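Each value in this text was obtained by applying a stated rule to the coordinates, not by laboratory testing. What you see is a predicted model, and the numbers here were worked out from it, not measured in a lab. Cβ sites come from the backbone with ideal geometry, for glycine too, and all protein chains shown count toward neighbours.
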Amino acid sequence: MKILVVDDSTAMRLMIIKTLRQAGFGDNDVVQAADGKLGLEKIEEENPDLVLADWNMPNMTGIEMLQALREAGNNVTFGFITTEATPPMRELAKNSGAKFLISKPFTVEMFEQVLGAVIT
């Protein structure tokens, strides 16, 4: 399985990748992108099975990236890892096609529980 991690913070991308490993998902191929626009390019190049994206990023936000994917007919499994976890944002994410939203700060247990239900 290939996982794309999209976040404008290099440190956060590395923390997400480390947490993926600690949660038992280290055998997956992980690629990275620094914003939603670059994320769309990576999706086209790499054809990942799962996208983990931040909400707030420059150039193109995570929700804009998700909406662009769905408008293009791409149904890749998509989830947010973000500090933005208000009920309206969770609703917008769900209605836009996100499978889950993990709040920052996150834990290994959160990844195990949420991603364990998504990664098969």
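Residue 23: net charge of surrounding residues, Cβ under 10 Å, Lys/Arg +1, Asp/Glu -1, itself excluded?
Numbers: positive: 18, 21; negative: 109, 112.
Neighbour charge sum, excluding residue 23 itself: 0.
Normalised radius of gyration for the chain, please: alpha carbon Rg relative to 2.2 N^0.38 Å, two decimal places.
Taking the Cα Rg and dividing by 2.2 N^0.38 Å, one obtains 0.94.
Report the charge-dipole magnitude of the range 2-118 in Debye, nearest 20, computed about the Cα centre from +1 at each Lys and Arg Cβ and -1 at each Asp and Glu Cβ.
Magnitude of the dipole: close to 260 debye.
Report, in whole Å, the centroid distance computed from the Cα atoms of the range 8-54 and the range 83-120.
Measuring centre to centre over Cα atoms gives 15 Å.
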